[in-house]
Each structure stands twice: as C-alpha cells, then as structure tokens.
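Following: one structure in structure tokens, then a few remarks.
The values are calculated or read from the model by the stated rules, or taken from the named source; none is laboratory data. Please read all numbers here as calculations on a predicted model, not as lab measurements. Quick reminder, even Gly has a Cβ in these numbers, built from the backbone with ideal geometry, and neighbours come from all protein chains shown.
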Amino acid sequence: MKQQLIIIFLLLICCCLESIVVCSDSGKEELKADGSVLELDDSNFETAISTFDYIFVDFYAPWCGHCQRLSPELDLAAPVLANLEKPIVIAKVNADKFRRLATKYDLDGFPTLKIFTHGHPVDYYGPRKADLLVRFLKKFVAPDVSLLESDGAITNFVEMAGTYFPIYIGFGLNESMILEYAIKYKKKAWFSVAKDFSEEAMLAYDVYKAPALVAFHPTYNERNVFYGPFEDNFVEDYIKQNLLPLALPINYDTLKLLNDDEREVVLTVMEDESDEKSLALIKLLRAAASANRDLVFGYLGVKQWGEFSETFDVNKNTKLPKMVVWNKNEEYLTVIGSENLEDEDQGSQITQFIDGYRSGRTEKKRISGPSFMGFINSLIGVRTVYIIVFLVAVFMLIRSITNSEEYDVPQRKQRLSNDEASDTIPVNVDGHSYRPEDKED
C-alpha cells in the first residue's frame, strides 16, 4: 500500500511538471514582436525579457492618470519600433496588481519605465510622446559608430537618423578616433564613419579633404567641418561644441539640452522669433556663435514663451531685442550701454555686446518673474521638485509635532495623576495617505 501511494505521488508530480512546461511553452508562443503592446504578468515576465533582446517595459497602475495618458503613446510607438532592424518590443505590467515584480525592480512611483537589454534593466527618463520615444529608442539600439561603405549608405544613414539629434560623419577617419566619444555621447547624437565615398558625397557635406569630421544639424540645416588635429582633447571639444546648433531656440524641450553644457548662454530676447526681422537677427547670432565657440547663443521669442522672458525682467515696456549673458542659475549679466539692439547694423552691436562682456563692462542681476519655478521644473525635473517639497513638508510636520508634545507634557502628567486607574486610549488621526498616483515622474 505504501509503495502504491509513493507511485501515485510521483505520477502527480510528473503531471504537474508537464503542465508547467506546457503552460510555459504556450506562454512563449504568445510572446511575439508583432507591433502590439504585450501585457505581462508574474507568469510570463521572465520569459519575455529573456526572449527579446530589447524590450521596453511600462510598469503602470490602472488608477494612475499619467499612466493612462502614456498608454496611447505606447500603442502608437509599438509598431514602429517592432519594424526596426533591431526590433524593440513594448510591454506593460500592472505593477499595482503584481506586487512581486514591483518589489523586485524597486518601483517608487507610476509609471516607471525600464529598457531591458538582454535581460538587464536600465531606467528610462526620456520623452514619452510617441514620435520622440521612437527617436530616442532608435538610438538606444544603434551601433556606437555606424560604418558606411558607400554613398548610398551615407544617404540611408542620414535618413534613418532623422532630424532630432545632431549627426557626426567621419570621412576617411579611423573609427577608433571617435569611438570613445561616440559611446560617451551616444544618447545625444548619431556617430558614423564613411569608409568608401565619392568626391560628390564629400562636397554634399562641404568637405574638401579627408580625413574630416562633419557635424550636421538637420533641423537647423547647419554643417560644421573639423579637419583636426585628431588627438588629445581636440576631437571631444569639437563634438561637445557642436551638440547644440549655433543659435538655439529656447523652449521647454531645448532648455534641458543646456544641463550638461558648461558654457554660459548669450540670450537674445525678441518679440516674435518667427517674423522677418527676427529671422535676419538669428542669422547674425549664428555668425557670432561661430566666432565665439566658448559661449552658447540662444534666442527667445516673447510671443513663443512670454512667461520665461519675464525671468529676465522683460515686460511690455522693455525695448526689444534685449541681450543678456545667463549662467543658467539665478544670475545673469547685462552689458552696460549694449543691452538693447537697434534696428540698424545689428551685427556690429552684437560684436560690441560680446566685447563688453569679455572686458567686464557688465552689471549683475538676479533672476525674477513668476516663471522661475517653471524654469526650475524644466531644468531639474518634476520628480526632484516633488521630493524637495515632500521633505520640507515632513520636516515641518515633525517640528509641529515636537512643539505640540512639549506644550502638552505638563497637562498629560496632571491628567494621569488625577486618574491613574483609567486606561489611556490612543487616538487614531485619520489623514490622507500618500498614493503613488500623487507623484508625477
């Protein structure tokens, strides 16, 4: 009888194992890179991240408003990313329901986004609109340096790269000369080396001899060519200086590009950056930027972003265009006698402004205006602001409780001495608990 029970027990174990294998195999069959957003859970998550080389995972909660807004963007991006040469699969996990996964990957808010490369997670803090998400992730799976073997390969590479990031093309350049910097700045630019090319291809990028490194900004139709020396820090300096266009329009998106740039910003505030006079002024700013590579030249239209212009004391009575030098913190400089530009000979006035700045003929001023908090949000991220506010609130709460306890101690002692026999009942204060939905990433 005992032997029969053991046999039955072993048969049950075999059946269970077979069932698990079948379920696992069926789960694998369902996981296909068909352009749809995969819904993952505890049973198929590990299979998914091991099946696909690149998988972008949205850890969400159904009640989270930010998650709800992100969902349709992922639906739009998924088929585009699935058709890449190296496909990227988009998936999502209800981390509010599957808490084990939330704990394993240290989620601290919703949505939390991660890119799994061959099973290894990397936090994603990039854009969330479908088109920008695609642009960013395309770069993530691209080679550090693309090798281009023909004129057609150069054309295809530029078309594939798109217009959002700057493009670097080395003509007749050894890959090893830029590989280190291509890895370092991969999130900010495309890098390639043309091995075989015609003279026509060189002329198309304003190159008249090789070796040369071209920096190309498709959005702004700007090209700059570097002929060396290809040693020491010269190459990196050139790459860093050309990550931004010669004249950068300042807005919510481009402001963040200044975070890692150590140069000060020569900022020109104009009425409307799209009108004819402003377009002519922008051309002059590009020429000045080309001659002053140690500075970033930016421009800001009051019509495009009036609130931010108020940060530099611009109001309806201010004569425009106005030029300042901004350190990207809480101070900026005006050049005495050269703050405002007249309509005539603006090129000479810009030169005088730069000369006045370099000679120290300046006046220091503090940032002002109601847009300052908005600027801080854009610069350091909403998450950081919420953390700061939360810590301040906690500090104030602790201080308030401490003061309250100090005040109540004598009364508590008196009350207990008068009625020592009675039990003390703790008071439960009902407050609003912090929910992940209250935290914007």
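A few comments on the model shown:
- Being outside the structural domain of F312 (by TED's automatic domain parsing) and surrounded by fewer than 17 Cβ atoms within 10 Å (Cβ to Cβ) is a property that D232 has.
- Whichever residue in the range 329-371 is hydrophobic (A, V, I, L, M, F, W, C) and in contact with a helix residue (DSSP H, G or I) (Cβ under 6 Å, 6 or more places away or on another chain) and, among such residues, is farthest from A280 (Cα to Cα): I367
- A count restricted to the range 33-55 and to residues that are under 15 Å from K86 (Cβ atoms) and free of Cβ contacts under 8 Å to residues at least 24 places away in the same chain stands at 1.
- Test: residue in the range 250-268 that is of a type outside the set (A, V, I, L, M, F, W, C), crowded, with 20+ Cβ neighbours inside 10 Å and either free of Cβ contacts under 8 Å to residues at least 40 places away in the same chain or touching a Leu at 6+ places or on another chain (Cβ under 9 Å) (or both): yes
- Within the set E159, E85, the sole residue that is in a helix (DSSP H, G or I) and not polar (S, T, N, Q) turns out to be E159.
- Residue list for the range 78-100, filter: touching a Phe, Trp or Tyr at 6+ places or on another chain (Cβ under 6 Å) and not small (G, A, S): I88, V89, I90, K92, V93
- Number of the exception - A212 against (1) buried (at least 18 other Cβ atoms within 10 Å of the Cβ); (2) modelled with pLDDT under 95: (2)
- Flag: E18 does not match the condition of being modelled with pLDDT under 90 and either in contact with a Ser or Thr (Cβ under 9 Å, 6 or more places away or on another chain) or within 29 Å of M160 (Cα to Cα) (or both).
- Matching residues, the range 77-115, being under 19 Å from D34 (Cα atoms) and surrounded by fewer than 20 Cβ atoms within 10 Å (Cβ to Cβ): P79, V80, A82, N83, L84, E85, K86, P87, I115
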